[in-house]
């Protein structure tokens with residue numbers, strides 16, 4: 001009664017290419033929207049909840065799907081093959097860089113908005129930067145490092161299971 | 001369907017899955033999945049594997065009834 005729908009692999013591949021481009025456009029627009037809103041209205045995270053949700057949920061979904069499909073292990077392997085720095089090392093460096101960036105933002109904000117005079121501004125900058133550095137660098141580096149380890153472990157387990165050459169299957 | 005011919009050709013060339021994967025530019029898992037019949041490689045990948053193992057497409061990838 002119902003005809004099986006024929007699927008052309010070339011068409012499917014080209015559609016997937018378009019979907020990938022669409023995803024990149026949506027993510028880019030969301031990030032640009034966040035930057036513009038921060039520039040116009042100041043740093044207010046309530047103003048960018050929709051954009052945050054789009055970026056965050058998409059990113060988490062990709063990491064989880066890649067891990068549970070065993071794809072993450074492949075990505076790490078292919079990356080490490082052609083890069084001087086290992087994926088794990090780059091993840092830690094990214095966490096450190098994020099922590100430093102956040103510390104700089106908070107330190108600059110304190111120096112500009114709360115200090116009276118140049119000497120106090122310098123003092124606030126150094127103090128807030130140092131304290132923020134101590135808090136956020138380990139936080140971001142640890143969070144990204146743990147996320148990487150968890151995703152890699154899950155992905156490796158999935159790959160091991162996929163490669164099991166069972167005679168009864 | 002498992003690709004035993006590919007596995008035998010690879011072993012004949014004394015190549016591990018990782019070594020073959022590096023030569024053809026894919027991950028070790030991809031070679032492993034092709035060998036256990038859980039991934040259908042593209043024609044380009046089939047040709048690259050054949051050239052590396054000095055075999056024809058029929059010798060490695062034609063299904064025998």
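Coordinate-derived values only; no laboratory data. Keep in mind that what you see is a predicted model, and the values were worked out from it rather than measured. Don't worry about glycine lacking a Cβ; one is built from the backbone with ideal geometry, like all the others, and counts go over all protein chains shown.
For the residues B:1, B:8, what sequence is obtained by ranking on other C-beta atoms within 10 Å, fewest first?
Lowest count first: B:1, B:8.
Which value at 222 nm does chain A reach when only helices count, each DSSP H run of 4 or more adding -39,500 (n - 2.57), with the total divided by all residues and rounded to the nearest 500 deg cm²/dmol?
Using -39500 (n - 2.57) per qualifying helix, the result is -29500 deg cm²/dmol.
Taking neighbour Cβ counts within 10 Å as the exposure measure, how do B:16, A:155, A:110 sort from fewest upward?
B:16, A:110, A:155
Using 1/(1 + (r/R0)^6) with R0 = 22 angstrom and r between the beta carbons of residue A:47 and residue A:112, what's the FRET efficiency to the nearest 0.05?
0.60
Compute the helix-to-body angle for A:118-162: its Cα long axis versus the longest principal axis of chain A, expressed 0 to 90° and rounded to tens.
10
Compute the angle between helix A:49-68 and the longest alpha-carbon principal axis of chain A, please, reported from 0 to 90 degrees and rounded to the nearest 10.
40
For chain B, count the residues as N, evaluate 2.2 N^0.38 Å, and divide the Cα radius of gyration by that value, please.
0.96
Could you work out Rg/(2.2 N^0.38 Å) for region A:99-152, with Rg from alpha carbons only?
Relative to the rule-of-thumb radius for its length, region A:99-152 sits at 1.44.
Averaging sequence separations of C-alpha pairs under 8 Å and six or more residues apart, then dividing by the length of chain B, give the relative contact order as a whole percent.
39 percent.
Using only the Cα atoms of region A:7-85, build the gyration tensor, take square roots of its eigenvalues as a ≥ b ≥ c, and label the shape rounded, prolate or oblate: rounded if a/c is under 1.5, else prolate if a/b is larger than b/c, else oblate.
Note, shape of region A:7-85 comes out prolate.
Can you bin region A:26-169 into rounded, prolate or oblate? Criterion: square roots of the alpha carbon gyration tensor eigenvalues sorted a ≥ b ≥ c, rounded for a/c under 1.5, prolate for a/b above b/c, oblate for the rest.
Prolate, since a/c reaches 1.5 and a/b exceeds b/c.
How high is the relative contact order of chain A, in percent, counting Cα pairs under 8 Å that sit 6 or more residues apart?
Once divided by the residue count of chain A, the mean separation gives 24 percent.
Taking the Cα atoms only, what angle lies between the long axis of helix A:87-114 and the longest principal axis of chain A, rounded to 10 degrees?
So the helix axis and the longest Cα principal axis differ by about 30 degrees.
For A:128, A:63, what ranking results if the residue with the fewest other Cβ atoms within 10 Å of its Cβ goes first?
Lowest count first: A:63, A:128.
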